[in-house]
Amino acid sequence: MKRKLQTLLPYAAVLAADFYLLPLLAKDTGGAMVLMLCVMPVIALITGLLYGVRQGFSLLPAMTALVLFAPTIFIHYNATAWVYAPAYGVIVLIGNTIGRLFYRKR
């Protein structure tokens, strides 16, 4: 289990940067919506995809995305943003599932 957590660390760092640093770039509501609905999900999807290609299928990245996004609701957003936490978890899970298809082919 310790090895799995160590291999998850770089992906968790990317997700943390995605969820905590990117919202700081939003200047207005329009910019924030573009970040939350386009840029951040694409980064989450690519992170899950790369994890799937390199490590195979696991629920850990999806749970990590959910846990990492939850505090940002109170830091950057308001309580109405809670639906994004499971959504980002599902997006990472989808990327991980797609990446898993290419895991054996490397």
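The values are calculated or read from the model by the stated rules, or taken from the named source; none is laboratory data. Predicted model only: the values in this text are computed from it and were never measured. Neighbour counts are summed over all protein chains in view; Cβ atoms, including those assigned to glycine, are modelled from backbone coordinates with ideal geometry. Just the protein is used for accessible areas: all its heavy atoms, side chains included, with ligands, DNA and RNA removed. Shrake-Rupley method; radii C 1.70, N 1.55, O 1.52, S 1.80 Å.
Residue pairs whose Cβ atoms lie under 9 Å apart, separated by 6 or more positions or on different chains, with the first residue in the range 35-56 and open to solvent by 70 Å² or more (accessible area, probe 1.4 Å) and the second not in a helix (DSSP H, G or I) and not aromatic (Phe, Trp, Tyr), are ARG54/ARG106. Being closer than 15 Å to MET36 by Cα and crowded, with 18+ Cβ neighbours inside 10 Å is a property that does not hold for ALA81.
Of the residues making up the range 8-21, just one is touching a helix residue (DSSP H, G or I) at 6+ places or on another chain (Cβ under 7 Å), open to solvent by 30 Å² or more (accessible area, probe 1.4 Å) and either modelled with pLDDT under 95 or of a type outside the set (A, V, I, L, M, F, W, C) (or both), namely TYR20.
Listed here are the residues, each with its yes/no results for (1) more than 13 Å from TYR11 (Cα to Cα); (2) outside any helix (DSSP H, G or I); (3) basic (Lys, Arg).
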residue: ALA32; (1), (2), (3): yes, no, no
residue: VAL39; (1), (2), (3): yes, no, no
residue: SER58; (1), (2), (3): no, yes, no
residue: ALA65; (1), (2), (3): no, no, no
residue: ILE73; (1), (2), (3): yes, no, no
residue: PRO86; (1), (2), (3): yes, no, no
residue: TYR103; (1), (2), (3): yes, yes, no
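Residues in the range 92-101 that are open to solvent by 40 Å² or more (accessible area, probe 1.4 Å) and not in a loop (DSSP other than H, G, I, E, B): LEU93, ILE94, THR97, ILE98, ARG100. Figure legend. Inter-residue proximity from the range 1-29: first residues over 19 Å from VAL42 (Cα atoms), second residues of a type outside the set (A, V, I, L, M) and part of a helix (DSSP H, G or I), beta-carbon distance below 9 Å, spacing 6+ or different chains. Indicated pairs: LYS4/GLN55; THR7/TYR51; THR7/ARG54; THR7/GLN55.
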